[in-house]
Amino acid sequence: MELISLTLHELQRKLQSKEVHPREVIEALETRITQVEPKVQALLHRNLEEALRLADQADVSLPLGGLPIAIKDAIHVQGAPCTCASKILSTYRAPYDATVIARLKAAGAIPFSRTNMDEFAMGSSNENSAFHATNNPWDLTRTPGGSSGGSAAAVASREAYAALGSDTGGSIRQPAALCGCVGLKPTYGRVSRYGLIAFASSLDQIGPLARSTRDCAMILNAIAGKDAKDSTSLDVPAEDFTRELELGMKGLRIGIPKEYFIEGIDPQVLSAVEKGIQQCRELGAELVEVSLPHTKYAVGVYYILATAEASANLACFDGVRYGIRASDPKNLLDHYQRTREEGFGCEVKRRIILGTYVLSSGYYDAYYIRAQKVRTLIRRDFNKAFQHVDALVCPTSPDVAFRLGERLDDPLRMYLADIFTIATNLAGICGISVPCGFATVEGSRLPVGLQFLGNALEETKLLRIANAYELAAGWRSQVALI
Ligand code: GLN
């Protein structure tokens, strides 16, 4: 197989046996990027010299020694631009490494290339990037999903072996599904967010996108763990997330949440997901129906809480400390107003306005407090379900990749892209999307994702289930046409 088509763990073996040198890997990626990037536009920037320098020093005996990983542009890599795909941060450079980057480097990995995203991670199509849209490598007229769409498109087009993304309401899993990758959202608190530009702090979580479940487990091994710089990171003993990958599904109980099989799911998505579920049964899992009765409130609750948190988090972008600054302001207020007016895109402004509204006096109790209460009910639904089952299975996204431009003037329809991923973040549990087949739409073969959800801190079991499915289903051998 071509060097750029390998999984991370296959590449690791080649590096360790010295069949391939880390420098060759970076060079192969660079050649590929030069060929396909004009069509895919998954990346915002990259530093080839720095990557080659790290490759020359790489210690291939380390857990991720010499393995290049692309990084969503919301995560600080010291010295590199970190724009969050926003004009307001277009001149900003990261003064330090995010904890996940420091940990990747300590494990021997090479952060290479920064991936495009929706501005401040707000979106489901990557079209909200202030710089350019990203095209889906399976059909260049369609979106790769979002907000980690650049990460997913880079992995699918073989411009990267694996990437880091962030998931606030589905932003790792939905693009992974739409691009035919594996995407893992770890439990809230499993991975430090120090150095991730915050969108909604009670929901954000960093995780990997890759070509296989094993690759995701390897990356999680490197980035997970308590960090004194992020008080929400959990102080739990270190685990080897690869240790149960080969144990199969036999004897495990997997719940099918009936609220996730609603009208409006693309029939081809539904049929691929149902086949996936049938395969789990054949692998020896016991499938049972469960109910998560408050699911229907998840999208509404999310858009109150996420926007409220975003309006507070984004207040720091005022032109004083970071990024661009309006020229010749008349006074301080004019300086703030014009910097934000010129620096933020439409969707970001929409969210700040919504978030400020739900937090304002008179509305705070009616919206924000009430949403927090419903969030508790959603969390309890999952707690109850996980008393009886080891994991849940459902679609990742109701649709396959949609056309660029198709939902741009219909924000509500765009918000529904995450209808099956949002509750996971509200409950703080973990979830993974794995490819489960294809739909054919207007002549294009488009990937479909199957989602498994696991209880908090049960990534090891979740990865075991996903890996058993992935190996049996064999979709991994399929690569995008580009
Ligand atoms: N698409 C959702 C949103 O627009 C989720 C984004 C995310 O997970 N970062 O908010």
Checklist entry - In terms of the Cα gyration tensor, with a ≥ b ≥ c the square roots of its eigenvalues, is the range 185-245 rounded because a/c is under 1.5, prolate because a/b exceeds b/c, or oblate? => result oblate
Checklist entry - Once Lys and Arg get +1 and Asp and Glu get -1 on their Cβ, which of Ser148, Gln205, Thr242 lies farthest toward the positive end of the dipole of the range 128-275? => result Thr242
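State the percentage of accessible surface on the chain attributable to carbon and sulfur atoms; use a 1.4 Å probe and exclude ligands, DNA and RNA. Don't skip to the end; give the middle numbers.
Details: 9470 of 17960 Å².
C and S fraction of accessible area: 53 percent.
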Checklist entry - Which distance in Å, rounded to a whole number, links the C-alpha centroids of the range 73-139 and the range 193-224? => result 13
Checklist entry - In percent, how large is the relative contact order of the range 308-438, given Cα pairs closer than 8 Å and 6 or more residues apart? => result 20
Checklist outcome for this item: For the chain, the dipole about the Cα centre with charges only on Cβ (Lys and Arg +1, Asp and Glu -1), to the nearest 20 debye, works out at 520
Next on the checklist: With Kirkwood's inverse mean 1/r over C-alpha pairs for Rh, give me the Rg to Rh ratio of the range 284-324, two decimals please.
Outcome noted: 1.39
Next on the checklist: Let me cross-check Ser360: its accessible surface, 1.4 Å probe, with only protein heavy atoms counted, in Å² to the nearest 10?
Outcome noted: 40
Checklist outcome for this item: Taking every other residue with Cβ under 12 Å from the Cβ of Leu450 and scoring Lys and Arg +1, Asp and Glu -1, one gets 0
Checklist outcome for this item: Distance in Å, no decimals, from the C-alpha centre of the range 367-404 to the one of the range 157-181 is 19
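Mind scanning Lys229/Lys258; Lys72/Lys229; Lys14/Lys275; Lys14/Lys185; Lys229/Lys330 and naming the pairs with a C-alpha gap bigger than 32 Å?
Lys229/Lys258; Lys14/Lys275; Lys229/Lys330
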Next on the checklist: Please give me the summed charge of the neighbours of Ser125: other residues whose Cβ is under 12 Å from its Cβ, Lys and Arg +1, Asp and Glu -1.
Outcome noted: -4
Checklist entry - Does the chain come out rounded, prolate or oblate, given a ≥ b ≥ c as the square roots of the eigenvalues of its C-alpha gyration tensor, rounded meaning a/c under 1.5 and, failing that, prolate meaning a/b above b/c? => result rounded
Item to check | Centre separation in Å (Cα based) which lies between the range 8-59 and the range 455-471 | outcome: 28
Item to check | Solvent-accessible area per residue for the chain (1.4 angstrom probe, square angstrom) | outcome: 37
Checklist entry - To the nearest 10 square angstrom, what accessible area does Glu27 show with a 1.4 Å probe? => result 80
Checklist entry - Counting pairs of alpha carbon atoms under 8 Å apart in space and at least six apart in sequence, what relative contact order in percent does the chain give? => result 18
Checklist outcome for this item: The correct ranking of Tyr469, Tyr364 by accessible area at 1.4 Å, largest first, is Tyr364, Tyr469
Checklist outcome for this item: By the Cα gyration tensor axes a ≥ b ≥ c (a/c under 1.5 gives rounded; else a/b larger than b/c gives prolate, otherwise oblate), the shape of the range 122-256 is oblate
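The values are calculated or read from the model by the stated rules, or taken from the named source; none is laboratory data. Predicted model, so just to flag it, every value in this text is computed and none were measured. Here Cβ is always computed from backbone atoms with ideal geometry, including for glycine, and neighbour counts include all displayed protein chains. SASA here: full protein model, heavy atoms, side chains in, ligands and nucleic acids out. Shrake-Rupley method; radii C 1.70, N 1.55, O 1.52, S 1.80 Å.
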